[in-house]
Amino acid sequence: MHSKRLLVALVVLPLFYLYTMYLPPPFFFLLLLAVAFLALTEFSAMYRLDAALKYASLLLGSAIFSVSFFAPEYFSDAIMASAMAIIVLRLLLKKDPASSLSGLAPAVIGLLYIPGLLAFQGQLRQIGPEWILFLYGTVWTADSAAYYMGKGIGKRKLYREVSPNKTVAGAVGSVLGGAAGALALCMLLVPRLEVLPAIFIGIMVGIISIIGDLVESMFKRDAGVKDSGTIIPGHGGILDKIDGSLFAGPFLYWIVKGLV
């Protein structure tokens, strides 16, 4: 497992750096659109959505993300219109009202949870590609520190009911790793960001990454699955890999938007 994680990191990280830094914003949009599509596919499979709701969710999720990138002023309108479309589709396709709310919830929540949150990363890329690298680098160092500290000295469980493997030591590692990663990336990528704000952002990203991880664990336990998918060797599914950045992305965007 460890060797697979390391191999994927050695291959993906340099390619991600080159792709993000040297290609125009529309290419990053296409990458995020593909990630959103795959993650929504995994989420739909986790909750065994009806075929009609699944394909409608994929189509509307792609539309939401496209609007967020090309016409961000209509982003909230796109989300509301998509939620309405999903609800009306359920009304028209299935006459039996039983379990209508429980059947609709995964489709609607999926739109908010995946393309809705990923859209902030598209806006962050518009500010500057270095912020995307800062985001993922900080989340990655937070996750790595949490993993190794949790494995090494983790005893006390953080939230047993949602994620039995998460420990308090791992959570501390996430905070420390986020702070260290943000400080290093600040000097490498965004030297205009001062040291104390960088450390604060790193600490917050470490905390928010844990929350994002726990949220996805909550969904997986509710759906009765261990991983969201198997597309990435040693890492699980796409959703397993982006759970922390889904929540950290909006936070960093709001911070950076206030700085520029």
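A few notes on this one:
- If you go through the range 190-226 and keep only what is crowded, with 16+ Cβ neighbours inside 10 Å, within 18 Å of the chain's Cα centre (by Cα) and without any contact (Cβ under 8 Å) to a residue 24 or more places away in the chain, you end up with nothing.
- Verdict on residue 35 being in a helix (DSSP H, G or I) and over 22 Å from the mean Cα position of the chain (by Cα): no
- Condition broken by residue 170, with the remaining ones in (1) touching a residue at least 24 places away in the same chain (Cβ under 8 Å); (2) in contact with a Lys or Arg (Cβ under 6 Å, 6 or more places away or on another chain) satisfied: (2)
- Filtered by the rule that a residue be surrounded by 21 or more Cβ atoms within 10 Å (Cβ to Cβ) and of a type in the set (A, V, I, L, M), the range 33-48 gives 36, 39, 40, 46.
- Test: residue 175 is of a type outside the set (Asp, Glu) and surrounded by fewer than 18 Cβ atoms within 10 Å (Cβ to Cβ): no
Where a number appears in this text, it was derived from the coordinates with a stated rule and is not lab data. Everything quoted here is computed from the prediction, not taken from an experiment. All Cβ positions, glycine included, derive from the backbone under ideal geometry; neighbour counts span all protein chains shown.
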